[in-house]
1. Ordered by residue, what ³J(HN,Hα) values in Hz, to whole numbers, does the range 54-69 give under the Karplus form 6.51 cos²θ - 1.76 cosθ + 1.60, where θ = phi - 60° and Gly and Pro are x?
2. Could you please report the charge total around M172, scoring K, R as +1 and D, E as -1 over all other residues with beta-carbon less than 15 angstrom from its beta-carbon?
3. Rounded, prolate or oblate for the range 124-248? Axes are the square roots of the Cα gyration tensor eigenvalues, ordered a ≥ b ≥ c, and the cut-off for rounded is a/c under 1.5.
4. Per-residue HN-Hα couplings for the range 141-146, Karplus 6.51 cos²θ - 1.76 cosθ + 1.60 at θ = phi - 60°, whole Hz, x for Gly and Pro?
5. Separation between the D3 and K233 pseudo-spin-labels, each 7 Å from Cα along Cα→Cβ, expressed in nm?
6. To the nearest 20 debye, what charge dipole does the range 116-248 have about its Cα centre, counting +1 at the Cβ of each Lys and Arg and -1 at the Cβ of each Asp and Glu?
7. Which of the listed residues, L127, A195, A166, is farthest toward the dipole's positive end in the range 5-242, when Lys, Arg count +1 and Asp, Glu count -1 at the beta-carbon?
8. Would you mind calculating the relative contact order of the range 147-217 from Cα pairs under 8 angstrom and at least 6 residues apart, reporting the percent as a whole number?
Amino acid sequence: MSDLKLGVNIDHVATIREARYRLEKQAEPNVLFCANEAIRGGADSITAHLREDRRHIQDHDIVTLKENLNVPLNLEMANVQEIVDFAIEIKPKFICLVPEKRNELTTEGGINAVSHEKDLAKTIKRLKDEGIMVSLFIDPDLDQIRSSVNCGANMVELHTGTYANALNNEAMDIEIQRLALASEMAHEEGLQVNAGHGLTSANLEGLFEVPFLSELNVGHHLIARALEFGLRKTVSKFKEQMLKYANN
């Protein structure tokens, strides 16, 4: 049986709420309720991205989730002083540092650990000193793996968006090879290897060629499917499909 874990990203529950109820904390849909529905379906952790522009998840959501979940909270965030300070106050179990642009619809690629190694190392040390495990969301590039090690990260999350958006089998195969090489190197360097972005029920099993994966983080697809089938059932079916993964 696979021990591959699933982190469910609930940002887009808040996206729906914020479309109408910008300032009301008890507005619907309820982020905590939906997180717990995902957990009832088999989610091993809950991921939420506190963006600088607060376009979906709000500070009070993070506080509520941290205080009430019975699974780990994975806080996605940019390496920005204000949010780093907030994270240290809240102390989620996991933090994933991601790049962030104000005009992007969603995170478009991995953080550049090579170019920002010094700054990332300082932040990672602060977070780890508070007992928080830190991941870097990176493209499947060997230089990015090396810099992630140099920064002191506990984990990497490999960006699977290029794989998910590949237009043909050849492009998918090339990206799977990149992901596999990156995962092998990260594993050899002692990093936990997670993956995410753009994963769906349709492209999930192609990713199973990548060895040493510990956890997948999936958001938009699960929230979209939940409109048809409910979040608990959607997550349960996705977890069932993940059982086909055989870690190498």
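1. 6, 6, 9, 5, 10, 4, 5, 5, 5, 4, 4, 5, 4, 7, 10, 7
2. Working: positive: R178; negative: E170, D173, E175, E205, E209.
Residues near M172 contribute -4 overall.
3. Values: a/c = 2.06, a/b = 1.36, b/c = 1.52.
The shape class here is oblate.
4. 10, 5, 5, 5, 4, 4
5. 3.3
6. Numbers: 13 positive and 19 negative charges, 129 e Å.
With only Lys, Arg, Asp and Glu charged at Cβ, the dipole is about 620 debye.
7. Sorting the options by dipole projection puts first L127.
8. Working: 89 pairs, mean separation 28.0, N = 71.
It rounds to 39 percent for the range 147-217.
Values quoted throughout were computed directly from the atomic coordinates according to the rules given, and no laboratory measurement underlies them. Just so it is clear, the model here is predicted, and its values are computed rather than measured. Ideal geometry is used to build each Cβ from the backbone, glycine not excepted, and the neighbour counts take in all protein chains shown.
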